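Novice: Dropping the structure in here first, questions after.
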Amino acid sequence: MKAKYPVEPFAIAFIMFTATMKEAVLVGIILIAAACIGCVLRSVPVSGGKWTNSVISGLLTVAAVFGSFVYVGISCTVLQMIGIGLLGLFMARYVFLMGGKESADDLVRQGAVVYGTLMLAAYARELLGSGMVFDTVITEGAVISAAYFKPAFGFILAGLGLGLANRILKCGDEDESLWTLAPMTVLYSPFILGGVPEYIGGLVGTAIALIAFMAVRQRLLFSSPLKYMSQVPVHMLTMGFIYMIMSVL
C-alpha cells in the first residue's frame, strides 16, 4: 500500500523543525490539518473541472500553511522561513497530485502515526542536543552535544522516522526523493570550500554531496531495501551518512 500522508513535507519537518519539541508539535499539527483541508477541497465540485479544482485547492493549502505559522507566532530563523516556504510548496504539490481516492480518515490515521514518530525524533534531538525538553532541564552530562542539531542528524532522523511510520502503517513510498534532498542540501551545505566567495563554496559542497548521493543511489537501485524503507526513508539515511563523512574530511 502506498503511503497517503504527505511524505515530502514531513521529511522537511524532520530535518528542519525537530530541534525542539515545541516546533515539532506545532509543525506536525499544521501539516496534518493542511493535508485534510486539501483533501476536503479536492472533493468540492468546481465548474472549471479537475484542473481548476487542483489549482484552487493547492493555493488554499499553501495559504493555510502560511496562515497557521503566522497565527501561532513561531519564532523562526531565516533558513526556517525558507523551510516554511518549501513546506507550503510541497503541500500544494501533494494536494495537486491527489488521486481523488484519499479520505480525511486515512490522512488523519496515517498522519497521527508519522506525527508520533516526529515527536519521538524531536524529543531525542532536543534531549541529546541540549539536555532539555520544552525548556525544562532533564539531564546534564557528556552525552549532550550540539552536534545533534546539525543537518546530518536531521537527515538520519527523517529516514528512521519515516521508515518507522511506514512499518507501523504497512505501507511504502514511491515519491522521488530528490525533490526533497536537492533544496535541503542547498540550504544546508555539508561544507563550504575555502578560497572562494562563501556562496560559491557552499554550492560546491552541495554539488559534491548530490554527486556522492547519486553514486550511492545507483548502488541502492540494485539492492533490495525493505519496502517500508524504500525511496525517501533510505535516501534520507544515505544523505545523513554522506553529511557525517564529509563533516570529518
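The values are calculated or read from the model by the stated rules, or taken from the named source; none is laboratory data. These numbers were taken from a predicted model, which means no experiment stands behind them. Backbone-built Cβ (ideal geometry, glycine too); neighbour counts: all protein chains shown. With ligands, DNA and RNA removed, areas are computed over all heavy atoms of the protein, side chains included. Shrake-Rupley method; radii C 1.70, N 1.55, O 1.52, S 1.80 Å.
Novice: Out of VAL232, VAL196, I need the residue that is under 23 Å from LEU86 (Cβ atoms) and of a type in the set (A, V, I, L, M). Which one?
Specialist: Working: VAL196 fails: under 23 Å from LEU86 (Cβ atoms).
Going through VAL232, VAL196 in turn, just one is under 23 Å from LEU86 (Cβ atoms) and of a type in the set (A, V, I, L, M): VAL232.
Novice: Here's something else I'd like to know. Of the residues that sit in the range 33-44 and are open to solvent by 30 Å² or more (accessible area, probe 1.4 Å) and touching a helix residue (DSSP H, G or I) at 6+ places or on another chain (Cβ under 6 Å), which one is nearest to TYR148 (Cα to Cα)? Break it down into steps so the answer makes sense when it comes.
Specialist: Here is the first cut: in the range 33-44, the ones open to solvent by 30 Å² or more (accessible area, probe 1.4 Å) are 33, 37, 40-44.
With the extra rule that they be touching a helix residue (DSSP H, G or I) at 6+ places or on another chain (Cβ under 6 Å), the set shrinks to 37, 41-42.
Details: ILE37: 34, LEU41: 39, ARG42: 39 Å.
The extreme case among them is ILE37.
Conditions tested, residue by residue: (1) out of contact with any Phe, Trp or Tyr (no Cβ under 9 Å at 6 or more places or on another chain); (2) farther than 22 Å from LEU187 by Cβ; (3) at pLDDT 75 or above; (4) buried (at least 17 other Cβ atoms within 10 Å of the Cβ).
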| site | (1), (2), (3), (4) |
| --- | --- |
| ALA13 | yes, no, yes, yes |
| ALA24 | no, no, yes, yes |
| LEU31 | no, no, yes, yes |
| LEU59 | yes, yes, no, no |
| ILE82 | yes, no, yes, no |
| GLY85 | no, no, yes, no |
| ALA104 | yes, yes, no, no |
| LEU107 | no, yes, yes, yes |
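Novice: Select from the range 205-246 the residues that are closer than 12 Å to PHE155 by Cβ and of a type outside the set (A, V, I, L, M) and write down the one among them that is modelled with the lowest pLDDT.
Specialist: PRO233
Novice: Considering only the range 199-249, state which residues are small (Gly, Ala, Ser), part of a helix (DSSP H, G or I) and open to solvent by 40 Å² or more (accessible area, probe 1.4 Å). Don't jump to the end; show me each part of the working.
Specialist: Within the range 199-249, the subset small (Gly, Ala, Ser) is 201-202, 205, 207, 209, 212, 215, 223-224, 230, 240, 247.
Pick out the ones that are also part of a helix (DSSP H, G or I) and you get 201-202, 205, 207, 209, 212, 215, 240, 247.
Within the range 199-249, ALA207, ALA215, SER247 meet the criteria.
Novice: Under 6 Å by Cβ, and 6 or more places apart or on different chains, what pairs join a residue from the range 26-44 that is closer than 15 Å to VAL114 by Cα with one that is modelled with pLDDT of 85 or more and among the hydroxyl-bearing types (Ser, Thr, Tyr)?
Specialist: Between residues of the range 26-44 that are closer than 15 Å to VAL114 by Cα and residues that are modelled with pLDDT of 85 or more and among the hydroxyl-bearing types (Ser, Thr, Tyr), the close pairs are GLY28/TYR115.
Novice: Additional query: On the given criteria, is ILE192 open to solvent by 30 Å² or more (accessible area, probe 1.4 Å) and at pLDDT 80 or above? Break it down into steps so the answer makes sense when it comes.
Specialist: Details: open to solvent by 30 Å² or more (accessible area, probe 1.4 Å): yes; at pLDDT 80 or above: yes.
When the stated conditions are applied, ILE192 passes them.
Novice: Which is touching a helix residue (DSSP H, G or I) at 6+ places or on another chain (Cβ under 9 Å), within 17 Å of TYR5 (Cβ to Cβ), buried (at least 17 other Cβ atoms within 10 Å of the Cβ) and among the aliphatic types (A, V, I, L, M), of LEU187, LEU118?
Specialist: Working: LEU187 fails: within 17 Å of TYR5 (Cβ to Cβ).
Unique residue meeting the criteria: LEU118.
Novice: Can you pull out the residues in the range 130-146 that are in a helix (DSSP H, G or I) and open to solvent by less than 50 Å² (accessible area, probe 1.4 Å)? Before the answer, list the steps.
Specialist: Kept after step one, since they are in a helix (DSSP H, G or I), are these residues of the range 130-146: 130, 146.
Across the range 130-146, the qualifying residue is only SER130.
Novice: Looking at the range 152-171, can you tell me whether even one residue there is touching an Asp or Glu at 6+ places or on another chain (Cβ under 6 Å) and open to solvent by less than 60 Å² (accessible area, probe 1.4 Å)? Walk me through how you get there before you give the answer.
Specialist: Pass one, the range 152-171, residues touching an Asp or Glu at 6+ places or on another chain (Cβ under 6 Å): none.
The answer is no; no qualifying residue exists.
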